[in-house]
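Notes follow once the structure below has been shown.
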Amino acid sequence: MKRFVLSALLLATSAVTFAQTTTAVEKDPIKKIEVTGTAELEVVPDELYFTISLKEYFKDEKNQKDKIGLETLEKQLIEAVKSAGLPKENLSISGVTGYREWTGKKKPQHFLAGKQFQLKLSNANNINELMSKVDDRGVEYVNMSRVEHSKKEEFRRQVKVNALKAAKEKAGYLLESIGEKLGEVLEIHEVEEGSVYPMYKQAQYNVRMMAADAAPEGGEAIEYQKIKYSYRMNATFRIK
């Protein structure tokens, strides 16, 4: 009988202790505020990537004689890049193609090869002078495929930092408006939106027009918009 009473007493004591602990937590909850900070940065790209497609052709298309080979065209392009003072690593091969040339109803007898190159430039105006040194009949097309900035990682870090600072600033003035004070940060969550690349006003040109016409005075032959870096940061702060 004594053992039973003692066990019941211990059980009751534990229940009371648990109840007191729970009540204490409920009376002193963590006061916090959750906010989202955003930041953006627009920069003019300084790395312009052009795709240049070369293809073999016949001087006399009807008789399919005197073929201008891909080696000749490729050599012209390499020399043009070299004469422009560009590093050789700015030019790379991005693809190889091939097809047979049809002439009227005759069955094609000759195979014509093609090759695509990627060229990195810092100024869009340079493409006009550079392509003027390549046989335009051997150039299938030239277009700006993408743009980048050489300091993109630095810009991304800065925009993220600015977004987090914006979140803290927002939490501060919201709490100040109701007479509260901002405490330490409790949680940070990155919501990465990334980069927004421009849509080109003129993405592709006829190569003969590029070679014949210089860029307008005071302007640029190929227009492009800025790159926009945009990020969001979610942050939770303690309320003092």
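The values are calculated or read from the model by the stated rules, or taken from the named source; none is laboratory data. Bear in mind that the values here come from a model prediction, so they are computed numbers and not experimental data. For neighbour counting, all protein chains shown are included, and Cβ atoms are generated from backbone atoms with ideal geometry for every residue, glycine included. These accessible areas exclude ligands, DNA and RNA; they are computed on the full protein's heavy atoms, side chains included. Shrake-Rupley method; radii C 1.70, N 1.55, O 1.52, S 1.80 Å.
Applying 1/(1 + (r/R0)^6) with R0 = 25 Å to the Cβ-Cβ distance of Tyr99 and Ser132 gives a FRET efficiency near 0.45. Rolled with a 1.4 Å probe across the full set of protein chains, the surface gives Met131 an accessible area near 0 Å². Extending 7 Å from the Cα toward the beta-carbon at both Lys67 and Gln158 defines two label points whose distance is 5.3 nm.
With R₀ set to 51 Å, the beta-carbon distance separating Glu140 from Glu42 gives a calculated FRET efficiency near 0.90.
Annotation: amide H-H contacts under 5 Å for Glu140 (H modelled 1.01 Å from N, sequence separation of 5 or more, or interchain): Ser53, Leu54, Lys55. Among the protein heavy atoms, those of Arg238 account for about 80 Å² of accessible surface (1.4 Å probe, every chain in place). Using heavy atoms of the protein chains and a probe of 1.4 Å, the accessible area assigned to Lys32 is about 120 Å². For the set Lys240, Lys120, the ranking by accessible area, highest first and with no ligand, DNA or RNA atoms included, is Lys240, Lys120 under a 1.4 Å probe. In order along the range 171-182, the Karplus-derived 3J(HN,Hα) couplings, from 6.51 cos²θ - 1.76 cosθ + 1.60 at θ = phi - 60°, round to 4, x, 6, 5, 5, 4, 5, 10, x, 10, 10, 7 Hz, and Gly and Pro are given as x. Treating r as the C-beta distance of Thr236 and Ser150 and R0 as 51 Å, the FRET efficiency rounds to 0.90. Computed from the alpha carbon positions, the gyration tensor of the range 46-148 leads to an equivalent ellipsoid with semi-axes of 29, 13, 11 Å, biggest first. With a 1.4 Å probe rolled over the protein heavy atoms of all chains, the accessible area of Asp46, Asp66 falls in the order Asp66, Asp46, largest first.
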